[in-house]
Amino acid sequence: MTNAPQPLLQIEGLRAGVGGREILRGLDLEIAAGEIHALMGPNGSGKSTLSNVLMGHPDYEVGAGRVRLAGEDLLELSPEERARRGLFLAFQYPVAIPGVSVVQFLKAAVEAVRGRESVRAAAFLRELRETAAFLEIGEIFLNRPINEGFSGGEKKRMEILQMLMLRPRMVVLDETDSGLDIDALKVVARGVQRIAGPSAGVLVITHYERILNHIPPHRVHILLEGRIARSGGPELVAELERRGYDWLREPSAAPSG
């Protein structure tokens, strides 16, 4: 008899909120290395709250529960330490950082995660250029202030560029597909497929089926009123498209494993 693998990301009984209002009300979720999971739910269900709590946003308060990454308690760590442990969050609305170029920002970030002594300038620049080309990002963007004057699609590609350069082992995409045209969506999906593998996990938070056509999930979870209301395979996405969310609020719609 073989033991089941230890989950890479393990969330148990998480209760959290912001401004004194509880939004997550006992959320349980496990993601193993090598798996892609999708989290869907209506507005206000707690999807972005979860991503902010995972990354340690200071405005969000945790009332109960635990979150572990590879067995280590994340809730005791600062956002910087969580990133060093291999957690990466791609934002729905990436912010601009005036006066700091993409090259400067990414070199500092990579040094912080990998260790400054292990990052050589020439090798870093080669990797950055190759990765940017893979994401169809022109080199001219690499010397511009990060996200300043970028379109929505360009900002999202920059999020994926950061992800690939940082080489995280747990990726959380908070509605990264929001506002993307089909070409940009395909590029983003290509980047996620590159990072996904036997040693990494991915959580795709989304409203829409279309990104999941390009990043097929192993498991799909539906978040309602701060809890996972239903989990299943990719077929659950098609069921949502047909029936919406109201049927999950019915007493007979018990959560499934």
Single residue of 19, 26, 56 found to be more than 19 Å from residue 202 (Cα to Cα) and free of Cβ contacts under 8 Å to residues at least 60 places away in the same chain: 19
Residue list for region 53-69, filter: in a strand (DSSP E or B) and either hydrophobic (A, V, I, L, M, F, W, C) or in contact with an Asp or Glu (Cβ under 7 Å, 6 or more places away or on another chain) (or both): 62, 63, 64, 65, 66, 67, 69
Per-region count, region 121-163, residues of a type in the set (A, V, I, L, M) and closer than 27 Å to residue 204 by Cβ: 11
Any hit, region 70-83, residues being under 30 Å from residue 240 (Cα atoms) and not in a loop (DSSP other than H, G, I, E, B): no
Looking only at region 19-59, and only at residues there that are touching a helix residue (DSSP H, G or I) at 6+ places or on another chain (Cβ under 8 Å) and under 18 Å from residue 82 (Cβ atoms), the one that is surrounded by the fewest Cβ atoms within 10 Å (Cβ to Cβ): 59
Residue selected from region 180-193 under the condition of a type outside the set (A, V, I, L, M, F, W, C) and surrounded by 15 or more Cβ atoms within 10 Å (Cβ to Cβ), by the criterion nearest to residue 71 (Cα to Cα): 191
Positions within region 140-154 being surrounded by 12 or more Cβ atoms within 10 Å (Cβ to Cβ), outside any loop (DSSP other than H, G, I, E, B) and of a type outside the set (A, V, I, L, M), in sequence order: 141, 145, 152, 153, 154
Residues of region 11-34 that turn out to be of a type in the set (Asp, Glu) and touching a Lys or Arg at 6+ places or on another chain (Cβ under 7 Å), as a count: 2
Those strands (runs of 3 or more DSSP E) lying entirely in region 185-245 with at least 3 residues of a type in the set (Gly, Ala, Ser) and over 30 Å from residue 133 (Cβ atoms): 227-232
Leading residue by the ranking (modelled with the highest pLDDT) among those in region 20-42 that are closer than 21 Å to residue 239 by Cα and of a type outside the set (A, V, I, L, M): 37
Matching option when the condition is within 21 Å of the chain's Cα centre (by Cα), surrounded by fewer than 16 Cβ atoms within 10 Å (Cβ to Cβ) and touching a residue at least 12 places away in the same chain (Cβ under 8 Å), among 95, 113, 102: 95
Total residues in region 61-83, condition more than 11 Å from residue 24 (Cα to Cα), in contact (Cβ under 8 Å) with a residue 12 or more places away in the chain and either of a type outside the set (Lys, Arg) or surrounded by fewer than 21 Cβ atoms within 10 Å (Cβ to Cβ) (or both): 14
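The values are calculated or read from the model by the stated rules, or taken from the named source; none is laboratory data. Since the structure is predicted, the reported quantities are computational estimates derived from the model, not experimental observations. Backbone-built Cβ (ideal geometry, glycine too); neighbour counts: all protein chains shown.
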